[in-house]
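The values are calculated or read from the model by the stated rules, or taken from the named source; none is laboratory data. Please read all numbers here as calculations on a predicted model, not as lab measurements. Note that each Cβ is placed from the backbone with ideal geometry, even for glycine, and that neighbours are counted across all protein chains shown.
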Amino acid sequence: MNTIIPFAIVLGLLIFVHEFGHFIWAKFFGVKVLKFSLGFGPKLFSKQYGETEYLISAFPLGGYVKMFGESPGEIAEEKLSPDELKRSFSTKPVWQRFIIVAGGPIFNLIFAMFLFFFIVFVAGLPQPVDTTAIGGVGQDSPAAEAGLEVNDTIIIIDGEETRLWEDVSQLIKNSDGREVVMTIRRGDETLEIVVTPRMEATKNIFGEEVGERYMVGIARSEEVVYEPVGFIKSVQVGISQTWSWMYLTVMGLVKIIQKVVPASELGGPILIAKIAGERMEAGWVNFVYFMAVLSVNLGILNLLPIPILDGGHLVFFSVEAILRKPLNLRTMEILQQIGLVLLGTLMIFVFYNDLVRVFSN
């Protein structure tokens, strides 16, 4: 239960936002929307409002907006009045179809921007507390072997006072591998611990080695304080955070293709449910932040140029705009079948990764 409810909230909101992006632009351009569904497969609940049927379907891993005349083949054999043709998706100008399809991913990115803004505007801007408290000790590291512990505060290294974490980092880095004497505060005690730094590779966020330096295997405390900020600053942070996560998402995909990041790191619904539960237990700020990051991921992944995804349709429309005519219907069907196979294979793979994580733990 501690994962099902957070998972339902996260996935339900993100799917709704995505499909609403398609829906609202379709309505704006006068396209007749036949169905708006949260989930795929057999319908569990439906209600007709006006010309649109709103559904909740059995499989909650997505959703869809069904528009009248999405494919030219759907209306080829029907005798339609001029007014009916005007309400068809396929008869709209290519730029309008482009906006309707792009609306889903774009709304996910806008939603992420809003969530980042909301966190900062309500809770404040998180600022790290620069202390010399140890937040983590690596397994089998020199620090662990010497007896350093999480929450120890380093006050002196080799006779030099340490006030900031940068002081600790520089003194260890410049040790040239010789023993250093750390004076630490542990509760009410003051202890002296001798540690021998080791030359270790330094890595970036993707795990790539970018250099090497002497280290002892400790990490700084992640304690933060929230600084109140105004509306304008909150908007700026919302935009910058969204842009940063867009960049990291794209680069993460590139690193997976380059085999820098192992494909086993990819996760599916089980991993999302697990993280959602953990973030909700950690507090609303962590939960909303996770939802914002996931919304960015959903927006970017849907823009990938894979047939059947929104990005694939956008490629079709771009080609149509350049050639001034749509792609051959049979060609699009074949490409979409290929895209379906690719997407199905990816879903099976991430489910496999999820199950491996569950049973290995």
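Annotations for the structure displayed:
- One residue from THR242, THR196, THR249 being among the polar types (S, T, N, Q), touching a residue at least 12 places away in the same chain (Cβ under 8 Å) and in contact with a strand residue (DSSP E or B) (Cβ under 9 Å, 6 or more places away or on another chain): THR196
- Against the test of being assigned to a loop (DSSP other than H, G, I, E, B) and among the polar types (S, T, N, Q), the options THR202, THR183, THR131, THR190 yield a single qualifying residue, THR131.
Table: residues versus (1) surrounded by fewer than 15 Cβ atoms within 10 Å (Cβ to Cβ); (2) over 30 Å from LYS203 (Cα atoms).
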position: PRO228; (1), (2): yes, yes
position: TYR247; (1), (2): yes, no
position: LEU266; (1), (2): no, no
position: TRP284; (1), (2): yes, yes
position: PHE290; (1), (2): no, no
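- A single member of VAL122, VAL195 is at pLDDT 90 or above and buried (at least 16 other Cβ atoms within 10 Å of the Cβ), and it is VAL195.
- Restricting the range 305-360 to residues that are in contact (Cβ under 8 Å) with a residue 60 or more places away in the chain and among the aromatic types (Phe, Trp, Tyr), the residue that is nearest to ILE106 (Cα to Cα) is PHE317.
- Apart from one condition, PRO126 fits all of (1) assigned to a helix (DSSP H, G or I); (2) under 21 Å from the mean Cα position of the chain (by Cα); the exception is (1).
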